[in-house]
Ligand SMILES: [Zn+2]
């Protein structure tokens, strides 16, 4: 087969993955053999999970489409609207999975009430398989991990700063309106329920609460999974301030 040349252009956030010299412009690539558009895109360092609509000479196509002659390809990032409607997904049902190096981001997402599982012991293989099995969006700074075929939902986290990372997730996925702060356990992701002082559950957990706190506090909640008890102590004001900044 003789070689051919294709023209490819990436739009919006997808340019973050390209070297400066290739951003926002048509890139010409010499090809020696047929290959799928997915292969082509990933060979340029862009994980398939970041990609939305693709057009081949102006016509919408799937990323599995094989290219074997000169064409022009336009690649757009996934839009959260398409993503939700494709799955008929209510925003409250978006579930996450944090890569091992994103512990700080994970705690902040839980603080905002977003369902986010995490372990600093999970291998890449485990992360990929949990993401696929539980239909969780994998959050990671490892773009090669996102290129694994079984991962259908993933988000490459651009920033290294946890505060910026939260903002990235909330903005890209338009989650600010659906966050329910202080409804999840920061330690284990379990849902919190309110803990009434007149219940057996309270009595059996009483020793976990310092007497100094019991003297003034009348409102507690408890994690349904791990049993950790939360109350609005001095740290609460700090957390509330953080939440206000994230959701502003
Ligand atoms: Zn818990």
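Derivation of every value follows stated rules applied to the coordinates shown; laboratory data play no part. Because the structure is a prediction, the values reported are computed rather than measured. Cβ placement follows ideal geometry from the backbone for every residue including glycine, while neighbour counts extend to all protein chains displayed.
For residue 35 and residue 132, the FRET efficiency from 1/(1 + (r/R0)^6), where r spans their Cβ atoms and R0 equals 41 Å, is about 0.95.
The slack in the chain from residue 204 to residue 149, taken as 0.36 nm per residue of separation less the alpha-carbon distance, amounts to 15.1 nm. The GNM of the chain, with springs linking C-alpha atoms under 10 angstrom apart, assigns the highest mean-square fluctuation among 40, 125, 145 to 125. Applying 1/(1 + (r/R0)^6) with R0 = 25 Å to the Cβ-Cβ distance of residue 178 and residue 245 gives a FRET efficiency near 0.90.
Normalising the average separation of contacting C-alpha pairs (under 8 angstrom, six or more residues apart) by the number of residues puts the relative contact order of segment 192-247 at 33 percent. If one computes the Cα centroid of segment 1-77 and of segment 218-247, what distance in Å separates the two points? With segment 1-77 and segment 218-247 each reduced to a Cα centre, they are spaced 46 Å.
Spin-label model, residue 188 to residue 216: label points 7 Å out along the Cα-to-beta-carbon direction sit 2.9 nm apart.
Averaging Cα coordinates gives a centre for segment 169-196 and one for segment 133-151; these two points are 22 Å apart.
Each Cα pair under 8 Å and six or more residues apart adds its sequence gap; the mean of these over the residue count of the chain is a relative contact order of 14 percent.
Sort 39, 142, 196 so the one with the fewest other Cβ atoms within 10 Å of its own Cβ comes first. Present the calculation step by step, with values, prior to reporting the outcome.
Numbers: 39 14, 142 17, 196 11.
Going from least to most buried by this count: 196, 39, 142.
Taking the number of Cβ atoms within 10 Å of each Cβ as an exposure proxy, the fewest-first ranking of 11, 96, 17, 78 is 11, 17, 78, 96. Put in order of Cβ neighbour count within 10 Å, fewest first, the listed residues 242, 164 become 164, 242.
Among the DSSP beta bridges whose two residues both lie in the chain, what percent are antiparallel, rounded to the nearest 5?
On the way: 22 of 34 bridges.
Close to 65 percent.
Think of it as helices only: each DSSP H run of n ≥ 4 in the chain is worth -39500 (n - 2.57), and spread over all residues that comes to -8500 deg cm²/dmol at 222 nm. Taking each residue as 0.36 nm, the span from residue 13 to residue 229 lengthens on full extension beyond its C-alpha to C-alpha distance by 73.7 nm.
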